[in-house]
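Take a look at the structure set out below.
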Amino acid sequence: MININIRKIIWWLAIILLALTTLNLVFFYLHNNKPDSLLINNFNNLFDTNMESNIPTCFSAILIFINALVLALIGKYTKNNKINYWYLLSGIMLYLSIDELTIIHEKINTEITAYNFLNSFWGSGWAGLYVIFAIIIFILFIGFIIDLPKNTRNLILLAGIIYVFGAAGLEFIGGIYAESFVVYKYLTTVEEALESGAMIIFCYALIDYLYINHSSIKFKLEK
């Protein structure tokens, strides 16, 4: 039997997030002071949370994918009529993980630029569209969420609020300060940190739910 310590997993994920956020800010500062340094520029690109296809992006994608796997595992061991909710959530997480790596949202953004009300209000058309989908998903899942154990429900709601605020709220605020490079950089750093932090909280909620409700799983979860 494999022993998995929940708190150690969450602490390590949080430490990695903190380290990546710190490195992002350090190399941004160094790059601002020595913009001609090729080495610093390369490291800045490697840890810039506002860029794609680098270390923070991979960490975020892996984190979301872990949640997709845990949700699928919960679905597999669920014996009541809630099974489809878990699998649907797993599918959403899988999509977000793929989106993080393949930048689907940016491709969507280019397709909906004609809808100026989304672009003008959020700064990015994809952010407005994702908010609409988030509201729809919340309405569809509200009964399911209410029926969850209190601790799981509260953690999932907290993670959802933080994630939506980071992904859409700060995207909107960032659009206002887009012309101020330094302010925009700090806003996007907070945005990405909130999104990944929300996924860590969500991960804890799911693994904790497994620990409490599915003791028949063939590995041991420890707190």
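For the range 79-96, putting each phi into the Karplus relation 6.51 cos²θ - 1.76 cosθ + 1.60 with θ = phi - 60° gives couplings of 10, 9, 6, 8, 4, 5, 5, 5, 5, 5, 4, 4, x, 5, 5, 4, 4, 4 Hz, in residue order, rounded to whole numbers and with x for Gly and Pro.
Using R0 = 22 Å, the C-beta based FRET efficiency linking Phe172 and Lys82 works out to 0.05.
Amide H contacts of Asn5: Glu222, each under 5 Å away and 5 or more positions distant or on a separate chain (H built 1.01 Å from N in the peptide plane; Pro and chain starts excluded).
Near the amide H of Asn54, within less than 5 Å, lie no amide hydrogens of residues on another chain or at least 5 residues away, with H placed in the peptide plane.
Only the coordinates and a few stated rules stand behind these numbers; no lab work does. None of the values given here were measured: they were computed from a predicted structure. Neighbour counts run over all protein chains shown; Cβ positions are idealised from the backbone, glycine included.
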